[in-house]
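S.K.: Attaching a single structure in structure tokens format; questions to follow.
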Amino acid sequence: MNALQSRLKIFARWEVGLIGVLVLELVIFSSLNSKFLDPNRLLFSMSDFIYLGIIALPLAIVMITGGIDISFASVASLSAIVMGVSFKSGVGIWGALVIGLLAAVAAGLVNGLLIILTRANPMVITLGTQFLFAGLALAASGLGGISSFEGVSGLPNEFTGIAGGRTFGLPNMLLVFAVVTVLFAMLLGRSTFGRQARLIGANPVAARYAGFRSDAVIVGAYVLTSLSAGIVGILLTSYVGSARADIGASLLMPVLTLVVIGGVSMYGGEGSIFGVVVATFVIGFLQQGLRFARLSENEVAVFTGVILVAVASLRWWSANWSERVRNNRVRRENLRRQAGAADGPRTPVAAASEV
Amino acid sequence: MKSLLKHREIITIGGVVLLVAIVGAFHSSFLDPANLVRVLNSTVILALLGAGSAIVIITRNIDVSVGSTLALSGIVGAMLMRDGAPIWVAVLAVLGLGAVLGAINGIGVTYGHAPSIVMTLGTLAAYRGISFLITGGHSIESLPAAYRRVGRIEILGVPILIWIAVAVIAALALLMARTKFGRSFYATGDNAEGAYLVGISTNTIVILAYTISGLLAGAAALVFLAQVGSIGNQAGQGIEMRAIAAAVIGGVSLTGGVGTVVGAVFGAIFISTATSSLSFLGIPGSWSDTVIGAILLAALFADSRVRALVSKRRLAARYSALADETAEGHPKLESEVRS
């Protein structure tokens with residue numbers, strides 16, 4: 001229990017640190033350019049990055065179970081193009097939207113089932129399905145007779161208005177993100193599914209012996225990630241106004257960055273929705289601020305790559321450092337206790353517990 | 001069965017032969033030597049990258065940055081040649097830069113303690129961004145004719161680039177399979193703590209694995225320059241996933257310690273044969289990714305079935321041996337069974 005508490009403390013610190021970075025960013029960028037803090041601009045520019053968070057949240061759950069999904073970018077493309085092709089072949093736009101999302105759910109089921117059936121490394125499985133889904137997206141657009149350059153355009157206005165529009169004065173993308181955040185926070189923090197997901201990631205064997213339905217939880221996590229990827233594919237389609245087979249192609253790297261910076265461990269069992277949410281804003285505002293400071297797109301890419309590596313490294317070193325501090329404290333306490341007990345030779349057990 | 005498991009690449013080689021035979025049965029022009037050379041020629045880059053990925057994966061890491069390494073080192077080499085540097089200087093610069101870019105990955109993974117996929121995703125973006133920055137977004141066209149001519153030299157009807165690639169890969173394969181140094185890559189991937197305890201400097205081995213991967217990406221960039229004659233910022237984009245797929249299809253296990261360079265190369269040949277045979281079978285090229293994905297998943301599925309079967313048999317054999325011995329009255333063994 002003690003170990004768990006101190007572990008939680010590290011995470012609290014990690015997320016507090018992230019918030020600190022966020023505040024620092026806002027201060028620095030607004031001092032460089034006072035327009036940066038303009039609330040209207042700040043609110044609406046969020047649509048440029050907030051969709052990344054929509055996939056990052058369920059991906060965090062997948063990584064908390066000890067898995068990984070690198071096929072989500074292809075799933076986003078697949079569901080966008082399936083929607084586009086259905087629309088072109090005469091299905092109403094909302095029906096097409098549902099078909100697109102169903103394609104995403106099917107993709108998630110394929111991922112999850114392949115992983116539990118083969119017990120192969122999730123990274124290879126989703127590497128395979130990444131090709132598979134991207135290929136299917138291209139093939140679907142080929143079969144639908146769609147030029148890969150233009151995609152399906154001429155989508156109705158009530159659909160293209162979704163991503164750019166606002167409800168109650170807030171951008172729709174932000175609202176979707178907020179809803180998804182609340183849902184996944186509840187799911188991870190307040191449900192059996194979430195607790196089991198975390199414990200499966202921490203120790204899959206123990207989870208199985210404890211009678212968890214591990215397979216169902218794992219498949220569920222992959223389906224949620226694919227569904228969210230499908231939602232993002234459709235939101236992006238609405239944002240750019242045409243359904244393309246490569247619309248999700250550039251999602252992989254930024255989304256993984258969010259999850260890692262949000263404090264989710266690549267090895268399972270650790271991480272929180274809150275951390276990923278804060279990371280979404282940290283990275284989003286960082287990239288925007290850098291662009292505001294007149295850095296080119298490529299300089300921003302280099303910068304983000306370096307930050308990603310630095311943060312991942314820092315995470316290990318900070319954990320290592322805090323563990324060393326804790327060990328030293330325990331060692332000192334033990335010494336003090338022994339000095340109090342004074343007599344009696346040090347038992348091997350006591351000596352061992354100090355190491 | 002056992003030797004089949006020990007030499008998983010045999011299955012891949014068999015797959016390549018089978019694939020060529022099947023496509024050849026439908027279209028004998030596919031078996032035309034000129035066409036086979038064309039397929040091999042289009043495989044060289046992927047084969048070099050796949051071999052590098054295999055070595056990194058054998059140490060239980062992963063490298064998704066090879067495409068960006070190819071682009072950055074190739075662009076620097078092309079700029080040097082364009083600006084009049086001697087060709088041998090440019091070639092050494094490309095290989096050296098590739099090795100350095102790889103070593104950076106290795107140092108980040110070992111001493112920086114960044115998970116390998118995070119580290120190489122970071123450099124995937126960073127290297128690509130740097131290559132955009134130094135070119136300003138333009139591709140580099142005017143390479144010296146002397147260098148481009150290298151790509152067209154043929155020995156016995158086969159381009160010299162293929163001969164060189166075969167020599168490099170053979171040397172690497174021998175190094176990995178026959179030397180103590182090569183085996184330490186397997187030991188590191190199989191059990192890093194154990195390898196460390198028997199005196200292998202695992203950090204050095206991992207850094208070297210990434211360095212070799214970067215070096216091979218540099219070599220692939222040289223092939224790219226010779227074959228294409230120019231290089232743009234998009235060069236090698238997305239090829240890293242194909243390189244990993246080649247390694248996995250060739251029998252390299254992502255959990256480390258298993259697989260060979262030769263297997264990965266045949267995995268690459270398998271992928272390019274499969275994609276180039278699509279047009280012969282009348283399937284549009286847009287299906288190529290689907291085919292790669294399906295092949296990869298089928299290979300994984302078959303692999304997991306075979307492995308489950310083997311471990312079941314092995315356990316059964318062990319239990320029956322134990323049961324026999326305990327029946328003969330070795331009470332000591334019972335505790336072993338329980339533990």
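The values are calculated or read from the model by the stated rules, or taken from the named source; none is laboratory data. Please read all numbers here as calculations on a predicted model, not as lab measurements. FYI the Cβ positions are ideal-geometry reconstructions off the backbone, even for glycines, and counts take in every protein chain you see. What goes into the accessible areas is simple: the full protein's heavy atoms, side chains included, and nothing from ligands, DNA or RNA. Shrake-Rupley method; radii C 1.70, N 1.55, O 1.52, S 1.80 Å.
S.K.: I'd like to check something: does the stretch A:53-72 contain any residue that is open to solvent by 10 Å² or more (accessible area, probe 1.4 Å), part of a helix (DSSP H, G or I) and within 14 Å of chain B (Cβ to nearest Cβ)?
M.R.: Checking the stretch A:53-72: not a single residue is open to solvent by 10 Å² or more (accessible area, probe 1.4 Å), part of a helix (DSSP H, G or I) and within 14 Å of chain B (Cβ to nearest Cβ).
S.K.: Next question, about the same structure. What is the residue count in the stretch B:266-310 for residues that are open to solvent by less than 20 Å² (accessible area, probe 1.4 Å) and either more than 8 Å from every other protein chain (Cβ to nearest Cβ) or not in a helix (DSSP H, G or I) (or both)?
M.R.: Qualifying residue count, the stretch B:266-310: 8.
S.K.: Continuing with the same structure: Name the residue, out of A:Asn334, A:Asn327, that is more than 12 Å from chain B (Cβ to nearest Cβ), open to solvent by 70 Å² or more (accessible area, probe 1.4 Å) and either at pLDDT 85 or above or part of a helix (DSSP H, G or I) (or both).
M.R.: Checking each option against the conditions leaves just A:Asn327.
S.K.: Out of (1) under 19 Å from A:Gly220 (Cβ atoms); (2) touching a Phe, Trp or Tyr at 6+ places or on another chain (Cβ under 9 Å); (3) open to solvent by 10 Å² or more (accessible area, probe 1.4 Å), the odd one out for A:Arg119 is which?
M.R.: It is condition (2) that A:Arg119 fails.
S.K.: Quick check: anything in the stretch B:242-260 open to solvent by 10 Å² or more (accessible area, probe 1.4 Å), closer than 29 Å to B:Met79 by Cα and within 14 Å of another protein chain (Cβ to nearest Cβ)?
M.R.: yes
S.K.: I want to confirm something. Restricting to the stretch A:252-272 and keeping residues that are more than 10 Å from chain B (Cβ to nearest Cβ) and more than 15 Å from A:Leu308 (Cβ to Cβ), which single residue is most open to solvent (accessible area, probe 1.4 Å)?
M.R.: Filtering the stretch A:252-272 for residues that are more than 10 Å from chain B (Cβ to nearest Cβ) and more than 15 Å from A:Leu308 (Cβ to Cβ), the one most open to solvent (accessible area, probe 1.4 Å) comes out as A:Glu270.
S.K.: For A:Ala339, all conditions in the list (1) of a type in the set (Gly, Ala, Ser); (2) surrounded by fewer than 13 Cβ atoms within 10 Å (Cβ to Cβ); (3) at pLDDT 85 or above hold save one; what is the number of the exception?
M.R.: Only one criterion in (1) of a type in the set (Gly, Ala, Ser); (2) surrounded by fewer than 13 Cβ atoms within 10 Å (Cβ to Cβ); (3) at pLDDT 85 or above is unmet by A:Ala339, namely (3).
This table checks each residue for (1) among the aromatic types (Phe, Trp, Tyr); (2) within 14 Å of chain B (Cβ to nearest Cβ); (3) more than 24 Å from B:Ala298 (Cα to Cα).
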| residue | (1), (2), (3) |
| --- | --- |
| A:Ile99 | no, no, yes |
| A:Asn111 | no, yes, no |
| A:Ile115 | no, yes, no |
| A:Arg119 | no, yes, no |
| A:Leu138 | no, yes, no |
| A:Leu143 | no, yes, yes |
| A:Pro156 | no, no, yes |
| A:Gly165 | no, no, yes |
| A:Gly169 | no, no, yes |
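S.K.: Condition first: of a type in the set (A, V, I, L, M, F, W, C) and either more than 8 Å from chain B (Cβ to nearest Cβ) or in contact (Cβ under 8 Å) with a residue 12 or more places away in the chain (or both). Now tell me which residues in the stretch A:294-314 satisfy that.
M.R.: Hits for the stretch A:294-314 are A:Leu295, A:Val300, A:Phe303, A:Ile307, A:Leu308, A:Ala310, A:Val311, A:Ala312, A:Leu314.
S.K.: Based on this model, can you work out whether A:Leu42 counts as surrounded by fewer than 24 Cβ atoms within 10 Å (Cβ to Cβ) and of a type in the set (A, V, I, L, M)?
M.R.: Taking the combined requirement at face value, the residue satisfies it.
S.K.: Is it the case that the stretch A:8-25 has a residue that's at pLDDT 80 or above and not aliphatic (A, V, I, L, M)?
M.R.: Yes: the stretch A:8-25 contains one or more residues that are at pLDDT 80 or above and not aliphatic (A, V, I, L, M).
S.K.: If you don't mind, another one. Under the condition of being aromatic (Phe, Trp, Tyr) and within 16 Å of A:Ser226 (Cα to Cα), which residue from the stretch A:40-87 is modelled with the lowest pLDDT? Explain how you work it out, then say what you get.
M.R.: Step one: list which residues in the stretch A:40-87 are aromatic (Phe, Trp, Tyr), which gives A:44, A:49, A:51, A:72, A:87.
Checking which are within 16 Å of A:Ser226 (Cα to Cα) leaves us with A:51, A:72.
Values: A:Tyr51: 89, A:Phe72: 92.
Across the stretch A:40-87, the extreme among qualifying residues is A:Tyr51.
S.K.: While we're here: Select from the stretch A:236-293 the residues that are free of Cβ contacts under 8 Å to residues at least 60 places away in the same chain and within 10 Å of the chain's Cα centre (by Cα) and list them in ascending order.
M.R.: A:Thr257, A:Val260
S.K.: With the requirement that a residue be of a type in the set (Ser, Thr, Tyr), closer than 14 Å to A:Gly263 by Cβ and either at pLDDT below 80 or open to solvent by 30 Å² or more (accessible area, probe 1.4 Å) (or both), what does the stretch A:273-321 give you?
M.R.: A:Ser318
S.K.: Pull up the stretch B:82-138, narrow it to residues that are assigned to a loop (DSSP other than H, G, I, E, B) and more than 7 Å from chain A (Cβ to nearest Cβ), then point me to the one that is surrounded by the most Cβ atoms within 10 Å (Cβ to Cβ).
M.R.: Once the filter is applied, the top-ranked residue is B:Ala85.
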